[in-house]
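The values are calculated or read from the model by the stated rules, or taken from the named source; none is laboratory data. What you see is a predicted model; the values in this text were computed from it and never measured. A quick note on method: Cβ atoms are made from the backbone with ideal geometry, for glycine too, and the neighbour counts reach across all protein chains shown. Areas reflect the complete protein model, heavy atoms only, side chains present, ligands, DNA and RNA absent. Shrake-Rupley method; radii C 1.70, N 1.55, O 1.52, S 1.80 Å.
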Amino acid sequence: MNIQNNHYPGIFISFEGIDGAGKSTHIHFFSEEIAKRYPEKKIVITREPGGTSLGEKLRETLLNDSMDIRTEALLMFASRQEHIAQVIEPALRQGDIVISDRFTDSSFAYQCGGRGLLVEDLEYLERWVQTRVVNNHSFLLQPQTTFLFDLSAQAAEQRRSATRTPDKFEELDIEFFNRVRQEYLRRASNDLQRFVLIDSSLSIMVIQEQLKSRIASM
Ligand code: TYD
């Protein structure tokens, strides 16, 4: 794993995927396994939107209230700014392992792929919120590793309808989730060093083995 990506002593990992692809199921297992690999390190499990007290208030609004799609994107990044400043950066600075259930790839997938905002506009926000300077060196703060749980929009919808009451995003149609998935895959194909693609149609046990072997090489 490239642990130079964030220029801090900590390790930053994100989990991504369309709703229903199963990423949340695997975060718990992954955090237990990585704790065995790095017993001396503190593990911080967090999420977006959310992760701070302001971020959780924004999450409540974002997941329930209707709003202009640009407002939605801006609030996602507002929550992210607070999350980085209050949680992610301080933890990475002190050498912790930060595991985030979603990060900026979700904004590209949902707000660009799904909603149709321009990639260039979000790239601007990404640069604004995630550019950091450490030892006179400026860089874009990104996870070193992003696990992308990939599943067809149809299969994900079947899983969601069997397990939960939909929020604002989960009520959207198959076409929306197809576009979200395609944007995730586009981002992944542009950054093969950071992304680890997981085929979510495989069994939980097979996926757990893949996560374990990935941790062994970290
Ligand atoms: P998630 O926590 O995965 O939902 P759940 O609690 O149901 O497992 O994600 C919340 C929703 O927010 C999800 O539908 C994706 C959406 N989202 C965006 O649209 N843009 C973003 O930048 C982020 C972080 C999430």
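Structural remarks
- Selection within the stretch 51-92 - within 18 Å of the chain's Cα centre (by Cα), small (Gly, Ala, Ser) and at negative phi: Gly55, Ala73, Ala78, Ser79, Ala85, Ala91
- Residues of the stretch 34-73 satisfying the condition of being basic (Lys, Arg) and in contact with a Pro (Cβ under 9 Å, 6 or more places away or on another chain): Arg59
- Scope the stretch 42-73; condition out of contact with any His (no Cβ under 9 Å at 6 or more places or on another chain), near the ligand (Cβ under 10 Å from one of its atoms) and of a type in the set (Gly, Ala, Ser); matching residues: Ala73
- If you go through the stretch 17-73 and keep only what is at pLDDT 95 or above, among the hydroxyl-bearing types (Ser, Thr, Tyr) and under 29 Å from Met218 (Cβ atoms), you end up with Ser31, Tyr38, Thr46, Thr52.
- Listing of helices (runs of 4 or more DSSP H) fully contained in the stretch 132-218 that carry 1 or more residues being surrounded by 14 or more Cβ atoms within 10 Å (Cβ to Cβ) and of a type in the set (Ser, Thr, Tyr): 174-190
- If you go through the stretch 92-103 and keep only what is closer than 21 Å to Val134 by Cα and not in a loop (DSSP other than H, G, I, E, B), you end up with Leu92, Arg93, Ile97, Val98.
- Test: residue in the stretch 100-107 that is open to solvent by 10 Å² or more (accessible area, probe 1.4 Å), over 12 Å from the mean Cα position of the chain (by Cα) and not small (Gly, Ala, Ser): no
- Counted residues, the stretch 17-46 - those being under 19 Å from Asp150 (Cα atoms) and touching a residue at least 24 places away in the same chain (Cβ under 8 Å): 13
- Residues in the stretch 168-207 that are within 12 Å of the ligand (Cβ to nearest atom), acidic (Asp, Glu) and in contact (Cβ under 8 Å) with a residue 24 or more places away in the chain: Glu170, Glu183.
- For the stretch 68-91, filtered to residues that are in a helix (DSSP H, G or I) and without any contact (Cβ under 8 Å) to a residue 12 or more places away in the chain, the residue that is surrounded by the most Cβ atoms within 10 Å (Cβ to Cβ) is Pro90.
- Test: residue in the stretch 8-16 that is part of a helix (DSSP H, G or I) and touching a Leu at 6+ places or on another chain (Cβ under 9 Å): no
- For the stretch 113-131, the tally of residues that are open to solvent by less than 10 Å² (accessible area, probe 1.4 Å), more than 10 Å from the ligand (Cβ to nearest atom) and of a type outside the set (Val, Ile, Thr) stands at 1.
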